[in-house]
Amino acid sequence: MSIRPSLLTEIDAALAGLPKGNLNSASAGYDLYEAYVWALVLRAAENEGATIRFRDRNGNPPTSFWFRTSPSNIFSKAHNYCHAEIDFPGRPKLEAHVGIFVAGRSHIAHECDVAVIFKSEADICRASNVEPRSSKLVLAVECKYYLNSGIGIGLGRSFLGLLNDVYKGDRYFVGTAESPNVKTLFAAHRKNNELGLTPLNTRREARLVSRFETTFDHFKSSRP
Amino acid sequence: MVDETNRRQKDSAKMDEDESDALYDQLVTVLKSRRDKDELSARDDYLTAVLAEIDAGKAVQVKLKVPSEHEVFDAIAGHRTAGSSSADFIQRQDFSGVEKLEILIRGIETSVIAPARMAAEINRSLEQLGGVGFDGTIYFGDDILSEPTRTVTPGDLLTTLINAEELEALIGEVRISLTENQGAAV
């Protein structure tokens, strides 16, 4: 079957018609992917009955929202970085952040692409210029935006190594590209992952949100 | 007779390897030309990363016959190797035309269409959960630069989403041709 003659011309015209750069370039994907996964975490929290509020670093509701594109300290004052407050009735408040450092068991700072931590811990860290302890992470996600199948086995091994220092619990590895080897590695070690995750794959998106919901469900049921 | 006509129509709708190879080449030409016109470089140049993956080929497990390195001594024949055996190897093979098109399409979807949809999901969260007071502007930045590295306004998002949907529909047409081809191969 040959495609209709004008299809390639139309594809070229559609590419040409896209506004340049801001939201339809690979670099946008690199910048937005973590915030997108963060939004999926919030969707899961909302589905589980949480009240969500947005706050800037001073605790005020933001009129516009600042995300990090590179990891930095939770207490950074470079910009008015924002986060979400997650409130389940009768449970300690949580905060969801993008791109912050957390301190592992070794006291070494590790980057957390998406981190849900106790608000009490976050408050202390902002006030005292220290990193949150990884033991106070309720959920953490490692996000990899790759255009090709570049999620190599090395990244999978690094993630397993990282887990040794940031305690056990609900840690997820997600990426845009498929990687059978990494998938096999995580299956063998029973680690949460979702590879091939983009907004264009709604089935995987729903599956990941469902897993996040399970994490929040366990949090709601755990002892205060 | 009706069945035969349907079969012929269905066969004519299948894209064979030559057609998918030709379409791949045409699409790459269009995308390269567009990349150069739009001056996409560094992180924005998705095409180079995708073509590199295609050029690298795929890893396929193959069984190869290998000679044994175990030597035996025979009083009459002297030293000789003990036959051969087969072993598993990972071989690099070229992608088929259909596979190349699949990878290329996935690259366009991930780099050009997906970011707009990611922004829509982020914006949905902020608008629906954030309540009143949020003006819809999203800034992305780091600790090094004082200005945002990227700013997304509701206007940007709407325009880009409309255009991205148009592109997605066109790419969907190519994908349908491929799906029919893969169905034919089963």
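The values are calculated or read from the model by the stated rules, or taken from the named source; none is laboratory data. This is a predicted model, so every value here is computed, not measured. Note that each Cβ is placed from the backbone with ideal geometry, even for glycine, and that neighbours are counted across all protein chains shown.
Could you list, in sequence order, the residues of region B:155-176 that are closer than 15 Å to B:Glu102 by Cα and in contact (Cβ under 8 Å) with a residue 24 or more places away in the chain?
Here is the first cut: in region B:155-176, the residues closer than 15 Å to B:Glu102 by Cα are B:168, B:170-176.
Matches in region B:155-176: B:Glu168, B:Ile171, B:Val174, B:Arg175.
Would you please name the residue that is farthest from the other protein chains (Cβ to nearest Cβ), looking only at residues in region B:45-85 that are in a strand (DSSP E or B) and hydrophobic (A, V, I, L, M, F, W, C)? Explain how you work it out, then say what you get.
Within region B:45-85, the subset in a strand (DSSP E or B) is B:58-67, B:71-74, B:78-81, B:84-85.
Still in the running and hydrophobic (A, V, I, L, M, F, W, C): B:59-60, B:62, B:64, B:66, B:72-73.
Details: B:Ala59: 9, B:Val60: 12, B:Val62: 17, B:Leu64: 21, B:Val66: 24, B:Val72: 39, B:Phe73: 43 Å.
Applying the filter and picking the extreme gives B:Phe73.
Quick one: is A:Ile153 under 30 Å from B:Phe134 (Cα atoms), β-branched (Val, Ile, Thr) and out of contact with any strand residue (DSSP E or B) (no Cβ under 8 Å at 6 or more places or on another chain)?
Numbers: under 30 Å from B:Phe134 (Cα atoms): no; β-branched (Val, Ile, Thr): yes; out of contact with any strand residue (DSSP E or B) (no Cβ under 8 Å at 6 or more places or on another chain): yes.
No; evaluated as a whole, the condition is false for this residue.
In region B:82-115, how many are under 25 Å from A:Pro199 (Cβ atoms), more than 12 Å from the chain's Cα centre (by Cα) and either touching a residue at least 12 places away in the same chain (Cβ under 8 Å) or exposed (fewer than 11 other Cβ atoms within 10 Å of the Cβ) (or both)?
2
How many residues are in a loop (DSSP other than H, G, I, E, B) and either within 22 Å of A:Leu147 (Cα to Cα) or at the interface with chain A (Cβ under 7 Å from one of its Cβ atoms) (or both) if we restrict to region B:112-135?
Narrowing region B:112-135 to residues in a loop (DSSP other than H, G, I, E, B): B:131-135.
With the extra rule that they be either within 22 Å of A:Leu147 (Cα to Cα) or at the interface with chain A (Cβ under 7 Å from one of its Cβ atoms) (or both), the set shrinks to B:133-135.
Residues meeting the conditions: 3.
From the list A:Ile86, A:Ile117, A:Ile52, which residue is touching a Leu at 6+ places or on another chain (Cβ under 6 Å), at the interface with chain B (Cβ under 9 Å from one of its Cβ atoms) and farther than 30 Å from B:Ile176 by Cα? Walk me through how you get there before you give the answer.
Numbers: A:Ile86 fails: at the interface with chain B (Cβ under 9 Å from one of its Cβ atoms); A:Ile117 fails: at the interface with chain B (Cβ under 9 Å from one of its Cβ atoms).
One residue alone meets the criteria, A:Ile52.
Could you check region B:136-158 and list, in sequence order, the residues that are in contact with a Leu (Cβ under 9 Å, 6 or more places away or on another chain), at the interface with chain A (Cβ under 7 Å from one of its Cβ atoms) and over 13 Å from B:Pro115 (Cα atoms)?
B:Ile138, B:Phe140
Looking only at strands (runs of 3 or more DSSP E) that lie completely in region A:43-130, which have at least 2 residues being surrounded by fewer than 23 Cβ atoms within 10 Å (Cβ to Cβ)? Spell out the reasoning first.
Values: elements: A:51-56, A:65-68, A:82-87, A:94-103, A:109-118.
Passing ranges, in order: A:51-56, A:82-87, A:94-103, A:109-118.
Among the residues of region A:188-224, which ones are within 14 Å of chain B (Cβ to nearest Cβ), hydrophobic (A, V, I, L, M, F, W, C) and surrounded by 14 or more Cβ atoms within 10 Å (Cβ to Cβ)?
Applying the first criterion (within 14 Å of chain B (Cβ to nearest Cβ)) to region A:188-224 yields A:195-202, A:204-206, A:208-209, A:212.
Subsequent filtering for residues that are hydrophobic (A, V, I, L, M, F, W, C) retains A:195, A:197, A:200, A:206, A:208-209, A:212.
Listed by number, the residues that qualify are A:Leu195, A:Leu197, A:Leu200, A:Leu208, A:Val209, A:Phe212.
Quick grid of which residues meet (1) touching a Gly at 6+ places or on another chain (Cβ under 9 Å); (2) within 14 Å of chain B (Cβ to nearest Cβ):
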site	(1), (2)
A:Glu111	yes, yes
A:Pro132	no, no
A:Val141	no, no
A:Gly152	no, yes
A:Gly156	no, no
A:Val166	yes, no
A:Tyr172	no, no
A:Thr176	yes, yes
A:Phe186	yes, no
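Could you check region B:23-44 and list, in sequence order, the residues that are surrounded by fewer than 17 Cβ atoms within 10 Å (Cβ to Cβ), in a helix (DSSP H, G or I) and more than 8 Å from every other protein chain (Cβ to nearest Cβ)?
Within region B:23-44, B:Asp25, B:Thr29, B:Lys32, B:Asp36 qualify.
Look through B:Glu99, B:Glu166 and report the one residue that is over 22 Å from A:Leu40 (Cα atoms), assigned to a helix (DSSP H, G or I), in contact with a strand residue (DSSP E or B) (Cβ under 8 Å, 6 or more places away or on another chain) and in the same structural domain as B:Ala49 (by TED's automatic domain parsing). Walk me through how you get there before you give the answer.
On the way: B:Glu166 fails: in contact with a strand residue (DSSP E or B) (Cβ under 8 Å, 6 or more places away or on another chain).
Result of the check over B:Glu99, B:Glu166: B:Glu99.
Look at region A:20-42 and say how many of its residues are in a loop (DSSP other than H, G, I, E, B) and either modelled with pLDDT of 85 or more or surrounded by fewer than 15 Cβ atoms within 10 Å (Cβ to Cβ) (or both).
Pass one, region A:20-42, residues in a loop (DSSP other than H, G, I, E, B): A:20-25.
From what is left, the residues that are either modelled with pLDDT of 85 or more or surrounded by fewer than 15 Cβ atoms within 10 Å (Cβ to Cβ) (or both) are A:20-21.
Going through region A:20-42 one residue at a time, the tally reaches 2.
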